[in-house]
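The structure under discussion appears below in the form of C-alpha cells.
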Amino acid sequence: MERPTLYITRLLPQPVLDAISGQYRLLAEPTDLPPTEEALRRGFAEAQAVICTLTDRIDATVLSHATKLKIIANYAVGYNNIDLPTATQRGIIVTNTPDVLTDATADLTWALLLALARRVVEGDTWVRTGRWPGWTPTQMLGADVSRKTLGIIGMGRIGQAVAQRAAGFRMPVIYEGRHSVSSPPGVSWTRRPLDEVLVESDFVSLHVPLTEATRHLIDRRKLALMKPTAFLINTLRGPVIDEAALVSALEAKTIAGAGLDVYEQEPVVSVGLISLPNVVLLPHLGSATLETRVRMGLICLDNIAVVLGGRPAPNRVTKT
Ligand code: DGY
C-alpha cells in the first residue's frame, strides 16, 4: 500500500524523524530554516498530513492550496499561527501538543524568575569579564523569592504547574483565570481579578493563550498597577505584552525587571530591552528540552496516524 504523504516544515529531533521513516513518504527533506512560500504552498497542496511549527503562518492563502490535506499537527501547544476557522471550514483537523511540554515550560518560567530575582545573568557576565573584585556585603543585591507572592495570569495546565513549584518556596499564589482551580493540599491558591493580581504580586507570570482578547493584555495601564519591586515573566506568547509599554516601565523603573522567553515580533527583540540590565532574555526556549521536543513530535505523529485512519484526533483544537 502506498504510504501517505507527510510534509514537515522544519527539521525535528532525530527520534521523531526515525519514527516517521518507513511510515510516511516525506515530501521534502526538512531543514532548520523557515520554509519558503513556495515550499509551504507545495507542502499544503500535496500532502495528506502536515507537521508545522509556531513560526509558520498558516493563513487562508496557504490553506487555499490544501486539497488533499486531512490534518495539520501543530508542533506546539499554542496554535495562534493557524487560521483555525478557515481550516475547519475546509474540513482540515488541527491538533496541538498539550501536556507533554507543561513541565518543561513551567521549569523555564522558574529559571527566569530565579535568574531575575538573584541577578544570575548579570553575575555570570561580571565574573567572566575577569573584573570581579571579590565578595562585598553590598554587591549585586537581589530580591528574596521565598515567601513572596506569586501572581499567575491564566491558570491552565502550565499556570498550575508553575504554581505547584511555588510550594517549595512557601510562596502564596494568587491567580486570575476563567475558572476556579482547587489548591493542592497544604497550599493556598486564591482566585482574584486581574488588576488585584497585578497590584499585589511580587512576581507576575503570564500563562494565557494568545487570542484577540489577550493581545496586549498587559498594557501601559496594567503595568502601572504593578509594584516598583515586582518582576514580570512571560514564557507564553510575546504579543500578550505591549512590548513598547514594557520598555517604558522598565526604563522608568516602575517595575523591577522582566524575564522574557517570547517577544512581540520574534525573532526581533526591542532594542530597549536589549540595553537594560534588569531584564533576562531567552530565545523562546519554553519547550526546548530533548525529551519534550521528542514527545511533541510523537504526539503529532499519533494524531496524524489516528486521523488518517479515520478516527477522531486525541488533541484536536476547536477554539480560537
Ligand atoms: C508552544 O508549544 O506553544 C511553545 O511556545 C513551544 O515552545
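Where a number appears in this text, it was derived from the coordinates with a stated rule and is not lab data. Quick caveat, the model's predicted, so the values are computed rather than measured. A quick note on method: Cβ atoms are made from the backbone with ideal geometry, for glycine too, and the neighbour counts reach across all protein chains shown.
What the table shows:
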item: Near pairs, Cβ below 7 angstrom, 6+ apart or cross-chain, from region 142-159 (in a loop (DSSP other than H, G, I, E, B)) to any residue that is among the polar types (S, T, N, Q); result: A143/T229; T149/S201
item: Single residue of region 272-302 satisfying the filter (buried (at least 20 other Cβ atoms within 10 Å of the Cβ) and within 17 Å of I233 (Cα to Cα)) that is farthest from the ligand (Cβ to nearest atom); result: V279
item: Positions within region 11-41 being touching a Phe, Trp or Tyr at 6+ places or on another chain (Cβ under 8 Å) and not small (G, A, S), in sequence order; result: L12, L26, L27
item: Of all residues in region 67-104 being within 16 Å of the ligand (Cβ to nearest atom), surrounded by fewer than 21 Cβ atoms within 10 Å (Cβ to Cβ) and of a type in the set (V, I, T), the one that is farthest from the chain's Cα centre (by Cα); result: V100
item: Exclusive hit being within 15 Å of the ligand (Cβ to nearest atom), touching a strand residue (DSSP E or B) at 6+ places or on another chain (Cβ under 7 Å) and not acidic (D, E), set V262, V269; result: V262
item: Residues of region 146-190 classified as closer than 18 Å to K222 by Cβ and surrounded by 17 or more Cβ atoms within 10 Å (Cβ to Cβ), total; result: 12
item: In region 87-142, the residues that are touching a Phe, Trp or Tyr at 6+ places or on another chain (Cβ under 8 Å) and under 25 Å from R157 (Cα atoms); result: V94, N96, T97, L113, L116, A117
item: Any chance V307 is within 19 Å of A76 (Cβ to Cβ), more than 16 Å from the ligand (Cβ to nearest atom) and in contact (Cβ under 8 Å) with a residue 60 or more places away in the chain; result: yes
